[in-house]
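Have a look at the structure below before the remarks.
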Amino acid sequence: MSLSGLWEFAEGRTRILVALVIPAVLAVGGTVGLSILTMNATRELSANVRLTQDLVDGNVRTLSQAQRELLRLEDAVVDGPVDPDVLELRRSLAAQRIQEGTLDYQGRTLGDARLLARSRELAQVWRDGPDRQVQALVANPTSMSGADRVRLSSEIQELEGQYNTLVSEAENVRKQNAAVANNATAGLVSDTRLLLGGLVLTLVALAVLVAGMVYVLYAARRAQLVQTARLREARAQLQRTSVAVQATDNLVVVTDPKGHVEWVNDAFTRRTGYTLEEVEGRSPGRVLQGRDTDPETVRRMRESIRRQEPFTAEVLNYAKDGSRYWVSLDVSPIRDGDVVTGFVGVETDITNRRLTEENLRRAKETAEESAEAKQRFLASMSHEIRTPLNAVIGLTDLLQDTALDEQQRSYVSTAHQSGRHLLAIVNDILDFSALESGELEMESTSTDVRALVQDVCTMFTTKAERRGLSLWWSVDPDVPELVCSDLVRLRQVLINLVGNGLKFTERGGVRIRASYLAAAPLLRPDAETAPGTLVLEVVDTGMGIPADRLSRIFTAFAQGDASTTRTHGGTGLGLAICARIAQRLGGEIQVESTVGEGSSFTFSLPVLGCANGTAGATVGELEDEVVVVEDETHDLRLLLAEDDPVNQMVAIHMLRRLGIEADVAGDGIEALQALSAHRYDVVLMDVNMPNLDGVRATEQLRVRPGPQPRIIALTANAAEGDRERMLAAGMDDYLSKPYTLADLEKILAPVRAG
């Protein structure tokens, strides 16, 4: 009967309930029914309380047994001679009880994660200390002295005491849990007793308490439903908590000693698609590995399983649906004493990490290939441009020394200057590319700052005088005589800055000043080095740079005047190269400029002053020095190895201008044949030739016995490292195309003088 029907029954028969029989029957029936329901609920709650108590008692018993076995083990260690069998039995029983105290279900029965963690800590103490010592004693009963056995006994006693404390705490938890469960049951039992008392009174007051009995029946039924619902929720919560404790994102596999699967967790099934039934009894590798799995990694893992050793590895696996994934695998053996009873493997999915690493590797390879392709292109471009430039600059250089009218001389001079300008552009592009790729190596040598500044000024003196400009230079007295830096790069920066200043100056001139800022005073007069900052300042009185363009003046291919009608040429790479060289040397370049008044470029870089070395002259102490070289030249036997007919013609005419007649070879093979037939003082060896190039021809020549000629490399390759490569092949010097008559005369001068 439903609750609403019960209320209708009570309302429709109010008068009859006044009688004694019907109320009595209803009272008895209601009492019996309510009693049965209440007793059932009470039995159900009591059963759960007993189950909880049994689990807690079982845990406490396990810990107590571990404590007891430790006491027995301690007795076996310290009392009398060592009996290995008895000692091993005591140790095994203690190890078994201690291991049981660390299992996951112990935490659920304890209801306190702290106690389980403490039990596991004590188990680790046991394994790391007493267990190992006892095993050693079992293996060699005479290996431990009496004092050592006493100390071992003390360690076991201390561990037993800690287990005693743990048992006490567990007992307290058990009592608390039992008290909670018993209080709940006692409350319900008390309610039931009160209800039964009410029913007795109902029998006495038949008609008066009928309505009360109905109400009590309804209330009791509702209370029972609530309690049942709470009980079900408690069970569900317990199950969820258990799953949460066991669940992990890592894939866990437990195998037997041969590596066959015995158990996998849910994460394994979720990631691979294989259930326990599908993989049980099979090797994980047979199921998960595929064609792209590294065979060497597989071999190493199998070898570790065979040797029953722990191992780690990163391996490519395949899921059930064929998808690939990477895992970091950590496998450890499960030991029962000295016997391996299985393995536990924990796998972490590292697919995303490996994909990221692969993408980065491919991006790096692509970038390196692009950089290499760019360098190859620049080297090829340099060679292809320098080869015809050699003819243009060489022939125009020769033409300027012939009888020409004014117009012809102007044409030839313009062509010569255009060729030199194009060569400067090629050099700037190569330098900038090397700096951008990081392939331009910096050297640290002793550098005479005064000589450097004077040389650069001397280089530009003629150009400045031709344009009616002044060129000053000064070096402060406190600048060290020698500093440690890259002389070639310092010269390059200073040449670019001075040349840039002269190019954009119409009136006035350019001033160079070198100064030095010491970071700290020298601690000792005989100190070899002193740190400081070398400052090179180039100031011009030129057109100046607008303020809105100063921020990009050191940007590649940018100039102060970006309009198409600018009157000054250039690639816009000079200042960009200077800035990057300064950065590579650990310094910086700053610029200040006022339109119409001029610009000031300040190049600052950290240097070490060298105490040892020749003294340099200070400002006002420099005097012109005339060096007289006696003319002791002699006729040279010279072989020109050059495959390009135009460059052959240019070189022959230049050599004749120097009074030298040369033999010509068209490639490396002809050069070696000529050197076998005749003795030459000098070989001008082109590097890139058909059949046999200049580098290999030089290497073959250098292994021949007998006198060796001086070999000068001729090459249109001018990238970083080319000079070193030529010298390493056995060449004595290096002349880059295009070269002028003066360049050729200078490089041959030592041989002619010798």
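The values are calculated or read from the model by the stated rules, or taken from the named source; none is laboratory data. None of the values given here were measured: they were computed from a predicted structure. For neighbour counting, all protein chains shown are included, and Cβ atoms are generated from backbone atoms with ideal geometry for every residue, glycine included. Keep in mind that these areas ignore ligands, DNA and RNA; they rest on the heavy atoms of the full protein, side chains included. Shrake-Rupley method; radii C 1.70, N 1.55, O 1.52, S 1.80 Å.
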Taking r as the C-beta separation of residue 92 and residue 353 and R0 as 35 Å, the FRET efficiency to the nearest 0.05 is 0.25
In terms of the alpha carbon gyration tensor, root eigenvalues a ≥ b ≥ c, rounded if a/c is under 1.5 and otherwise prolate when a/b exceeds b/c or oblate, the stretch 115-166 is oblate
Note on the stretch 684-754: alpha-carbon gyration tensor, axes a ≥ b ≥ c; rule is a/c under 1.5 for rounded, else prolate if a/b larger than b/c, else oblate; result oblate
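Evaluate the relative contact order of the stretch 307-354 (contact order divided by residue number), counting alpha-carbon pairs under 8 angstrom at least 6 apart; express in whole percent.
Worked out over the stretch 307-354, it gives 33 percent.
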The simple spin-label model distance between residue 702 and residue 194, using points 7 Å out along Cα→Cβ, in nm, is 11.0 nm
For the stretch 314-328, in residue order, the Karplus 3J(HN,Hα) values (coefficients 6.51, -1.76, 1.60; θ = phi - 60°; whole Hz; Gly and Pro = x) are 10, 9, 8, 10, 10, 7, 4, 7, x, 6, 8, 8, 9, 10, 9
Per the 1/(1 + (r/R0)^6) rule, R0 = 60 Å and r from the Cβ atoms of residue 330 and residue 175, FRET efficiency to 0.05 is 0.90
Simple SL model, points at 7 angstrom along Cα→Cβ for residue 277 and residue 401; separation in nm is 10.0 nm
Taking a crude spin-label model, label points 7 Å out from Cα along the C-beta direction, the residue 592 to residue 139 distance in nm is 8.0 nm
So, relative contact order of the stretch 462-523 in percent, Cα under 8 Å, 6 or more apart, is 55 percent
Expressed in square angstrom to the nearest 10, the accessible area of residue 652 with a 1.4 Å probe stands at 40 Å²
For the stretch 274-339, listing trypsin sites (Lys or Arg not before Pro) in a DSSP loop whose Cβ sees at most 11 other Cβ atoms within 10 Å gives 291
Expressed in square angstrom to the nearest 10, the accessible area of residue 260 with a 1.4 Å probe stands at 70 Å²
Taking a probe of 1.4 Å and leaving out DNA, RNA and ligands, the stretch 75-153 shows per residue an accessible area in Å² of 52 Å²
Ordering 406, 365 by the accessible surface of their heavy atoms, 1.4 Å probe, largest first, yields 406, 365
Burial-style ranking of 596-602, 67-73, average other-beta-carbon count within 10 Å with highest first, yields 67-73, 596-602
Expressed as a percent, the accessible surface of the stretch 663-754 that is carbon or sulfur, using a 1.4 Å probe and the full set of protein chains, is 49 percent
